[in-house]
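The values are calculated or read from the model by the stated rules, or taken from the named source; none is laboratory data. Being a predicted model, the structure only gives us computed values, none of them experimental. Because the Cβ atoms are built from the backbone with ideal geometry, glycine has one as well, and the counts that use them run over all protein chains shown.
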Amino acid sequence: MNRLPKALIAAVALGSVALVSGCSDEGEPVTFDGPSAAAPAGKGGGKGGGGKGGGGTDGEAAAKTLMPTGPKAEFTTQNTIDDGTKIGVTTLHGKKSGFTGKVWVWAPKQYFDPKYAGSGFPVLIALPGGNGYPNNYWMGTDLKLQSSISKWSEEGKSLPFIVVMPVLNPDDKYYYDGSDTPGRPKMGTWMTEDVPDFVKANFRTFKSRDGWAFMGSSSGAFVGLKSVLKHPDRFKAVIASGPDIVPDSPLWAGHATEQAANDPEKLAKALGAKPAGQDRDVYLAFQAGTKESAVRKVNAFIRDYSKGPVKTRLQLIQDGEHNAATYVKGMEDGSIQWISQHMQAPVPTS
């Protein structure tokens with residue numbers, strides 16, 4: 001499988017830890033209560049981005065928005081980005097999967113603007129490559145994911161996503177392919193049910209799948225791709241960077257039926273056989289650097305499975321390699337704007 005090298009994973013993790021350790025309020029309580037809390041320092045508001053429904057009414061916002069359902073989690077500060085917004089962390093006890101793991105979250109400054117107090121925000125579940133345990137490397141500031149989304153949303157290139165960063169695997173021994181492998185922790189249920197339920201409990205979100213997407217690198221891209229194709233009723237889009245295409249965890253041994261049910265090619269073929277429609281169209285934004293081997297596999301997938309509801313796009317990143325920094329560049333070059341155009345934007349209210 002096309003995994004991120006362990007040396008690179010370690011380097012990314014060390015970089016994240018180094019930057020996090022310099023944060024003066026690391027470990028301090030942080031709230032994401034929205035406009036009722038103090039807005040981050042600096043310019044409030046900003047553009048809502050280029051998605052669906054950029055301008056609306058209080059009634060429209062209320063109809064589309066799911067207010068936090070509770071119970072509220074307790075977050076501590078993991079990091080702070082330049083505009084004053086916080087990356088928080090908490091431990092989630094998954095009620096449906098039975099798995100307990102860390103989840104990092106970040107809300108854009110628009111979330112704290114009173115004009116969006118009655119509106120939901122789109123959610124981007126960001127998954128790392130490699131084992132993704134015990135940390136999710138997107139929670140650091142070295143890769144600039146959150147600060148880039150903040151900048152892109154100001155420029156109209158991106159929606160102001162809430163970024164959610166759960167652990168990818170329950171240990172550092174195996175890849176679980178984000179699936180419910182028989183006899184193992186239910187990482188498929190964790191990723192597609194417990195994590196979204198947790199976000200709905202703590203944030204203003206959208207009721208429809210128009211507000212839900214994944215982004216991931218390598219093994220995390222596989223999980224995001226598979227989750228969108230398996231649950232098009234819950235998730236609308238994914239940015240899949242240098243993705244693995246087939247489920248090849250060693251834990252599938254003896255479980256061919258379950259393995260096939262988590263195969264993106266089989267899932268895309270089944271979905272592609274259905275008529276296109278707004279209630280099932282999915283948007284698969286593939287990314288690959290010109291120096292990595294994933295290009296051939298992605299091109300084959302796009303050729304064979306871009307049918308009916310399965311909409312695809314490939315962002316080739318010139319001189320890009322199989323690493324997270326390359327993929328952030330690709331997002332800026334077009335991927336984040338493409339999925340944003342097909343998702344629900346926050347609705348300003350009075």
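Here Asp197 does not fit the description of being out of contact with any strand residue (DSSP E or B) (no Cβ under 8 Å at 6 or more places or on another chain), acidic (Asp, Glu) and outside any helix (DSSP H, G or I).
A quick yes/no check of all residues on (1) of a type in the set (D, E, K, R); (2) touching a Cys at 6+ places or on another chain (Cβ under 8 Å); (3) closer than 26 Å to His93 by Cα:
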{"site": "Asn131", "(1), (2), (3)": "no, no, yes"}
{"site": "Ser147", "(1), (2), (3)": "no, no, no"}
{"site": "Ser158", "(1), (2), (3)": "no, no, no"}
{"site": "Val164", "(1), (2), (3)": "no, no, yes"}
{"site": "Asp172", "(1), (2), (3)": "yes, no, yes"}
{"site": "Asp177", "(1), (2), (3)": "yes, no, yes"}
{"site": "Thr181", "(1), (2), (3)": "no, no, yes"}
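Among the residues making up the range 82-104, those that are free of Cβ contacts under 8 Å to residues at least 60 places away in the same chain, out of contact with any Phe, Trp or Tyr (no Cβ under 8 Å at 6 or more places or on another chain) and either over 29 Å from Lys151 (Cα atoms) or not in a loop (DSSP other than H, G, I, E, B) (or both) are Thr91, His93, Thr100.
For the range 77-88, check the following and say yes or no: at least one residue is among the hydroxyl-bearing types (Ser, Thr, Tyr), under 23 Å from Arg234 (Cα atoms) and more than 17 Å from the chain's Cα centre (by Cα).
Let us first name the residues in the range 77-88 that are among the hydroxyl-bearing types (Ser, Thr, Tyr), namely 77, 80, 85.
Those still in the list that are under 23 Å from Arg234 (Cα atoms) too: none.
Within the range 77-88 (the criterion being among the hydroxyl-bearing types (Ser, Thr, Tyr), under 23 Å from Arg234 (Cα atoms) and more than 17 Å from the chain's Cα centre (by Cα)), the answer is no, since none of the residues qualifies.
Test Thr77 against the criterion of being outside any loop (DSSP other than H, G, I, E, B), among the hydroxyl-bearing types (Ser, Thr, Tyr) and at pLDDT 90 or above, and give yes or no. Taking the combined requirement at face value, the residue satisfies it. Just the residues that are over 21 Å from Gln341 (Cβ atoms) and surrounded by 21 or more Cβ atoms within 10 Å (Cβ to Cβ), please, taken from the range 293-304. Those that are over 21 Å from Gln341 (Cβ atoms) and surrounded by 21 or more Cβ atoms within 10 Å (Cβ to Cβ): Ala294, Phe301.
Scan the range 296-326 residue by residue and report those that are small (Gly, Ala, Ser) and part of a helix (DSSP H, G or I). Steps first, please.
Taking the range 296-326 as the starting set, the residues that turn out to be small (Gly, Ala, Ser) are 300, 306, 308, 320, 324-325.
Listed by number, the residues that qualify are Ala300, Ala324, Ala325.
Scanning the range 289-297 for any residue that is in contact with an Asp or Glu (Cβ under 7 Å, 6 or more places away or on another chain) and among the charged types (D, E, K, R) turns up at least one such residue.
Filtered by the rule that a residue be among the β-branched types (Val, Ile, Thr) and under 15 Å from Ser241 (Cβ atoms), the range 118-148 gives a lone residue, Ile125.
Scanning for something in a strand (DSSP E or B) and aliphatic (A, V, I, L, M), does the range 327-348 turn up at least one residue? The answer is no, given that none of the residues of the range 327-348 is in a strand (DSSP E or B) and aliphatic (A, V, I, L, M). For the range 163-184, the condition holds for at least one residue, the condition being that it is closer than 21 Å to Gln259 by Cβ, touching a Gly at 6+ places or on another chain (Cβ under 7 Å), assigned to a strand (DSSP E or B) and not hydroxyl-bearing (Ser, Thr, Tyr). Identify all residues within the range 308-327 that are surrounded by 22 or more Cβ atoms within 10 Å (Cβ to Cβ), more than 19 Å from Met343 (Cβ to Cβ) and aliphatic (A, V, I, L, M); write none if there are none. Hits for the range 308-327 are Ile317, Ala324. Among the residues of the range 62-93, those that are of a type in the set (Asp, Glu) and in contact with a helix residue (DSSP H, G or I) (Cβ under 8 Å, 6 or more places away or on another chain) comprise Asp82, Asp83.
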